Amino acid sequence: MAGSCVGESDGLTFWVAEQKDYDDVMSISVQIYGGNDYLPHRYASWMTEPDRVVILGRRDGKLVALESGLIVDEGCTVVVEGLRVCPSERGRGVAGVIQRFADQYIQQLYPSVRTKRQTKADDPSAGPTQTLSKFTELGRRAALSFIGEADSFEGFISHLRNKLHSTTGSEPGVSVTQMVLIEDEQQLKNILLDPELPSRVQLPGGAIIQDWQPLQPIKGNLEILARRNLTWLADKPERPAFLSFYTPPYPIPYKGGSLRFNIDMFGTDLVSAKRALAGHFEKVSERREVKGRVMVHVYLNKSLWEGVREFCEGHTGVRRCREYWEQLFLERGM
């Protein structure tokens, strides 16, 4: 079907996206997510990712909208991502039109899909959350955002280590991160498929949210997580009470070109959160995965936000760049 029109509605025609559409997609993506847009980096991989559908909406041949869905949870759920509408069409109902078509098209391709899930950002200071129509909120996490130059990371890591030494009482020569690097595939599988994991680490809505993508900890999703090339840290090698990972940093358009470094944390122990944060910064620096300007987003249990914020204060090279905000996890039936 690629390269051909797959439907039309309300003056729009719909097409399966191809690599050749990249420039058009970028033209409607200016200033999406305040420069934090992941799609310029991920578009090419989306074109070949298994069980992903990317739909384009055109009016009179001009691209005006995009919507994508990834089939997860062993075929039962679609995670919708990437929705965008060109500036000249915003406020005219175009988003709703492409969403309705994408829902129908995905159900034709994957009849087993019964649930639609998505994540969205929320600023509590702006007033009551406007939950999307027909969606149920399954969970939410706090988000802590920093910005800094990669050259400052070594000093920032030393700053974190010193704070950990002073709060844990360990000797300067002793490792303070004390987190377990989970590299063995079977070990990770045992952790993720443990039926008690969701309650033990308080997974929001029972899902592992990886860089805004909610996945149930079930066998069918392990391959999706594996291809993300994540770095996992836990407080212990078996039955952890705190689990975290980072996604390899990737380029974003922010201020003409930056890197985005996302850390996802699950659990409620503040000391473990501090150790995990320091551990992830150590790993990404050891591997030389960052350079230039880096935007860091840490997603964590709301009870940890203030403690981790205080832990990171006091170093000028890496500074907080946004007030408290949250990540919402939403669901609705198809």
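The values are calculated or read from the model by the stated rules, or taken from the named source; none is laboratory data. If you're wondering where the values come from, they're calculated on a predicted model, not measured in any experiment. Quick reminder, even Gly has a Cβ in these numbers, built from the backbone with ideal geometry, and neighbours come from all protein chains shown. Surface areas here come from the heavy atoms of the whole protein model, side chains and all, with no ligands, DNA or RNA. Shrake-Rupley method; radii C 1.70, N 1.55, O 1.52, S 1.80 Å.
Per-structure values
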quantity	calculated
Surrounding net charge for K116, when Lys and Arg each add one and Asp and Glu each subtract one, Cβ distance under 10 Å	+2
Check: the chain dipole with +1 on Lys, Arg Cβ and -1 on Asp, Glu Cβ, in debye	440 debye
Over the chain, relative contact order from alpha-carbon pairs under 8 Å, at least 6 apart, %	23 percent
Span from the the stretch 11-85 Cα centroid across to the the stretch 272-309 one, whole angstrom	29 Å
Directionally averaged projected area (convex hull, Cα atoms, the stretch 139-333), nm²	11.3 nm²
Once exposed loop trypsin sites (Lys or Arg not before Pro) are cut out (DSSP; at most 15 other Cβ, 10 Å), longest piece of the chain	135-226
Low-density loop cleavage sites - GluC sites (Glu not before Pro) in the stretch 285-334, where at most 14 other Cβ are within 10 Å (DSSP)	E313, E323
Fraction of accessible area attributable to carbon and sulfur, the stretch 139-333 (%, probe 1.4 Å)	46 percent
Accessible-area composition of the stretch 5-113, carbon plus sulfur, in percent [1.4 Å probe]	50 percent
Volume of the Cα convex hull of the chain, divided per residue and given in Å³	139 Å³
Label point at T48 placed 7 Å out along Cα→Cβ; residues across the stretch 9-30 whose backbone nitrogen lies under 17 Å	17-22
Net +/- balance of residues flanking V53 in space, Cβ distance below 11 Å, scoring K and R +1, D and E -1	-4
Cut-off 13 Å between beta-carbons: net charge of the residues surrounding V72, Lys and Arg +1, Asp and Glu -1	0
Residue-normalised accessible area of the chain, expressed per residue, 1.4 Å probe, Å²	45 Å²
³J(HN,Hα), Karplus 6.51/-1.76/1.60, whole Hz, each residue of the stretch 272-286, x for Gly, Pro	5, 4, 5, 5, 5, 4, 4, x, 5, 5, 4, 5, 5, 7, 4
Calculated from backbone phi, Karplus (6.51, -1.76, 1.60) coupling profile of the stretch 217-232 in Hz, x at Gly/Pro	x, 10, 4, x, 9, 5, 5, 5, 5, 5, 6, 7, 6, 7, 10, 9
Helix-derived mean residue ellipticity, 222 nm - over the chain, DSSP H n ≥ 4, -39500 (n - 2.57), to 500	-7500 deg cm²/dmol
Whole-Å semi-axes of the ellipsoid equivalent to the stretch 5-113 (Cα gyration tensor, √5λ, descending)	21, 17, 12
